[in-house]
Amino acid sequence: MAVKMTRRDLIRSLSASGLVTAGSLLPIADLLAQDLKPAVRGPQPPAPRAPLAPARLQVNKVIQPEREIAVLRETDVLVVGGGPAGTAAALAARRLGVDVTLVERYGHLGGLATGGLVLAIFPLYDRDDKQVIRGIGEEMMQRLDQLKFGIVDRGQAPLYPVVDAEAFKYVLADMTLASGMHIYLNCWGVDAIIDDRNAVKGAVFESKSGRQAVLAKIVVDASGDGDIYAAAGASFVKVKDNIGLVSRIGNIHEVDMIGDDAEHQAGATGAPVRKRPTQGAPVTTLDGKVGSHTPVEGVNWLNMKGPVADGLDVDDLTALELKHRIALWKNIEQVRKKPGDESAFLLETAPQMGVRLTRLLDGITSLTSEMTEKQKTHDDVIGYSGTYANNPEFQIPYGALVPARTENLLAAGRCIATDFKVADTTRLIPVCWVTGQAAGIAAALCARDGSQPRNVAIERLQEELRKQGVHLG
Ligand SMILES: Cc1cc2nc3c(=O)[nH]c(=O)nc-3n(C[C@H](O)[C@H](O)[C@H](O)COP(=O)(O)OP(=O)(O)OC[C@H]3O[C@@H](n4cnc5c(N)ncnc54)[C@H](O)[C@@H]3O)c2cc1C
């Protein structure tokens, strides 16, 4: 349990660490004080140790002995994964007054939209350029509107907004902390907890604190990869897709153009060209590509398609991380050869690998391309996807979030139940906001009533979605 630090304790500890001199407390100090345990620098008194149970090598097999796992927390709704889907799910659930715990493996929130440097937010609009994705995602963008360098190209359909990753991390930290949810960062979900009926009861996490459990009434798997539903035994389809590594380039004053090389070359030598930018379309080759503009003048983001690989295979992930970074370095060297771009530099390669799709849930409804192309309407609609890649806008059914058999569990984000073709749209950031928000509300309703996700009263779910600003048509 977190211990509150008094102001005096905080000043003392900051003074001891040289962060503050007498009478000049940093303005962020009160924020830093929240939830910190009092700490003294240097050797610490011995802490009670959990009984050791290391894995054992037995006749060429590594055996993990059975052991009891400490319970870190009990909660109503546990959301695993703090990307677009997970943050939307956690915020939406919290608004229904239930206790929410959000767990994320990295040290920031936002998933691929921040750590993956995927900065373009599409598809938001229908074919008439009307914005069909609103709700919590729209609230996040409104928060970004208020920040200098937070977001550009808002409300300019068919152009899509582009965000700044750090501004977005800030907004998400602020919104989640203010909501009163409980957050664990740097905490990796490694297993599901199930009871003797195979119903999910929580998840096991690994962190610097060791292996700990969070018990929950309902779990939302927003890991993007369906890590928790796979561990719980839910059925799914494994898929492979292109894996890239997105980056940002600094000191750059042109953007890549779609198809028109002559125009592109003109941009390289003259004034910045802002006509027909790629809007984040992934490049297939890195022959001096400069990417698309961001909210910060002189900074571009460079999307990357990458080869098809297995996003669940540590060998593939390792090889691509290393090779992509080499390719991006060589790309920037090529960029610098262009007259006018001599000062361009590789500002940042994404800390988070660009994995698109890995697992697709077997849900009570699987959203198929036939349904989306014919714009099938669903009684259990939870929101829309905008039009993307020449496909029309379409409705998303709640059934695509609910596992076909496993109980107490919902999926949100890029790992929901769709076919591979539809997943190319449902994996996009605003659509992940939609499925996340609906999963969060459904989870909260179930936690309050003690009911199952498959039995959620659709009218109540839709009523709450409307109250939270979601467009249902
Ligand atoms: C290269 C690339 C380019 C793209 N371009 C665009 C674009 O231009 N526009 C657009 O809208 N979309 C784009 N997308 C798609 C979009 O970025 C993602 O599909 C979207 O962010 C998915 O959201 P999510 O919340 O489902 O998953 P993620 O964003 O992957 O978030 C999942 C979160 O869960 C965490 N996590 C994973 N496993 C665990 C675990 N076991 N325990 C705890 N935490 C875990 C992750 O660290 C992450 O924070 C692109 C994707 C890629 C890869």
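The values are calculated or read from the model by the stated rules, or taken from the named source; none is laboratory data. Because the structure is a prediction, the values reported are computed rather than measured. We place every Cβ from the backbone using ideal geometry, glycine too, and count neighbours over all the protein chains shown. Side chains are part of the model used for accessible areas, which takes the heavy atoms of the whole protein and leaves out ligands, DNA and RNA. Shrake-Rupley method; radii C 1.70, N 1.55, O 1.52, S 1.80 Å.
Remind me, relative contact order of the stretch 69-128 in percent, using alpha carbon pairs under 8 angstrom and six or more residues apart? Don't skip to the answer; put the middle values down first.
Details: 63 pairs, mean separation 20.2, N = 60.
Across the stretch 69-128, relative contact order equals 34 percent.
Taking the Cα centre of the chain as origin and charging only Cβ (+1 Lys, Arg; -1 Asp, Glu), how large is the dipole, in debye to the nearest 20? Walk me through the numbers before you get to the answer.
On the way: 53 positive and 56 negative charges, 237 e Å.
Computed about the Cα centre, the dipole is about 1140 debye.
Ranked highest first by the average count of other Cβ atoms within 10 Å around their residues, in what order do 324-332, 109-117 fall?
Details: 324-332: 17.6, 109-117: 25.4.
Peptide ranking by packing, descending: 109-117, 324-332.
Residue separation times 0.36 nm, minus the C-alpha to C-alpha distance between SER343 and ASP145: what's the value?
Numbers: separation 198, 0.36 × 198 = 71.28 nm, distance 2.98 nm.
Result: 68.3 nm gained on full extension.
In nm, to one decimal, how far is the ALA47 label point from the ASP449 one, both placed 7 Å along Cα→Cβ?
For the pair ALA47/ASP449, the computed spacing is 4.2 nm.
Can you tell me what share of the DSSP beta bridges in the chain is antiparallel? A percent to the nearest 5 is fine.
Details: 43 of 64 bridges.
Antiparallel: roughly 65 percent of the beta bridges in the chain.
Taking the highest mean first, how do the peptides 81-94, 404-417, 58-71 order by number of other beta carbon atoms within 10 angstrom per residue? Present the calculation step by step, with values, prior to reporting the outcome.
Working: 81-94: 32.0, 404-417: 27.0, 58-71: 8.9.
Most protected by this proxy first, the peptides run 81-94, 404-417, 58-71.
Given H placed 1.01 Å from N in the peptide plane, which residues other than close sequence neighbours of GLY383 have an amide H under 5 Å from its amide H?
Placed amide hydrogens put ILE396 under 5 Å from GLY383.
Could you list log10 I(q)/I(0) for the chain at q = 0.06, 0.08, 0.10, 0.13 Å⁻¹, which the Debye formula gives when each Cα is one point scatterer?
Treating every Cα as an identical point scatterer, log10 I(q)/I(0) equals -0.29, -0.51, -0.79, -1.24.
Which distance in Å, rounded to a whole number, links the C-alpha centroids of the stretch 372-428 and the stretch 353-370?
Measuring centre to centre over Cα atoms gives 8 Å.
Check the straight Cα-Cα distances from LYS376 and name the aspartates and glutamates below 12 Å, setting aside those fewer than 8 residues away within the same chain.
By straight Cα distance, LYS376 reaches GLU393.
Name the residue farthest towards the positive end of the dipole of the chain from the options PRO38, PRO351, THR406, assuming +1 on Cβ of Lys and Arg, -1 on Cβ of Asp and Glu, about the Cα centre.
PRO38
Per DSSP H run of at least 4 residues, take -39500 (n - 2.57); add these up for the chain, divide by its residues and hand me the 222 nm value, nearest 500 deg cm²/dmol.
The helix contribution divided over the chain gives -8500 deg cm²/dmol.
If I model a spin label at GLU68 and THR377 as a point 7 Å from the Cα along the Cα→Cβ vector, what separation in nanometres do I get?
5.7 nm
Work out, step by step, the length gained on full extension between PHE420 and ARG56: first 0.36 nm times the residue separation, then minus their alpha carbon distance; give nm to one decimal. Display every interim value, and only then the final one.
On the way: separation 364, 0.36 × 364 = 131.04 nm, distance 4.02 nm.
Answer, rounded to one decimal: 127.0 nm.
Once amide H atoms are placed 1.01 Å from N in the peptide plane, what residues at a sequence separation of 5 or more from LEU347, or on another chain, have their amide H within under 5 Å of its amide H?
ARG248, ILE249, GLY250
Evaluate the charge dipole of the stretch 306-388 about its Cα centre and quote only its size in Debye, nearest 20, assuming +1 on the Cβ of each Lys and Arg and -1 on the Cβ of each Asp and Glu.
Dipole magnitude for the stretch 306-388 comes out near 440 debye.
Got a sec to turn the phi values of the stretch 113-125 into Karplus ³J(HN,Hα) couplings, 6.51 cos²θ - 1.76 cosθ + 1.60 with θ = phi - 60°, whole Hz, x for Gly and Pro?
Each residue of the stretch 113-125 in turn: 6, 10, x, x, 6, 7, 9, 8, 9, 9, x, 9, 10 Hz.
With a 1.4 Å probe and all protein chains left in place, how much accessible area per residue does the stretch 308-415 have, in Å²?
Values: 4700 Å² over 108 residues.
Dividing the accessible area of the stretch 308-415 by its residue count gives 44 Å².
Could you give the distance between the Cα centres of the stretch 439-473 and the stretch 185-221, to the whole Å?
23 Å
How big is the dipole moment of the stretch 332-473 about its Cα centre under a simple scheme where the beta carbon of each Lys and Arg is +1, that of each Asp and Glu is -1, and everything else is neutral? Debye, nearest 20, please. Kindly include the intermediate steps, with their values, before the conclusion.
Working: 16 positive and 17 negative charges, 32 e Å.
The calculated dipole for the stretch 332-473 is roughly 160 debye.
Specify which residue in the list ALA53, PHE236, TYR170 is farthest towards the positive end of the charge dipole of the chain, using unit charges on the beta carbon of Lys, Arg (+1) and Asp, Glu (-1), about the Cα centre.
ALA53
Could you list which residues have their amide H under 5 Å from that of ARG359, counting only those 5 or more apart in sequence or on another chain, with H placed in the peptide plane?
Here the answer is VAL239, since their amide H atoms fall under 5 Å of that of ARG359.
Mean Kyte-Doolittle of at least 0.5 plus a Cα span of 18 Å or more along the axis: flag which DSSP H helices in the chain meet both, please. Present the calculation step by step, with values, prior to reporting the outcome.
On the way: long enough: 165-179 (21 Å, 0.67); 314-335 (31 Å, -0.09); 429-449 (30 Å, 1.02).
Going by DSSP H runs, the hits are 165-179, 429-449.
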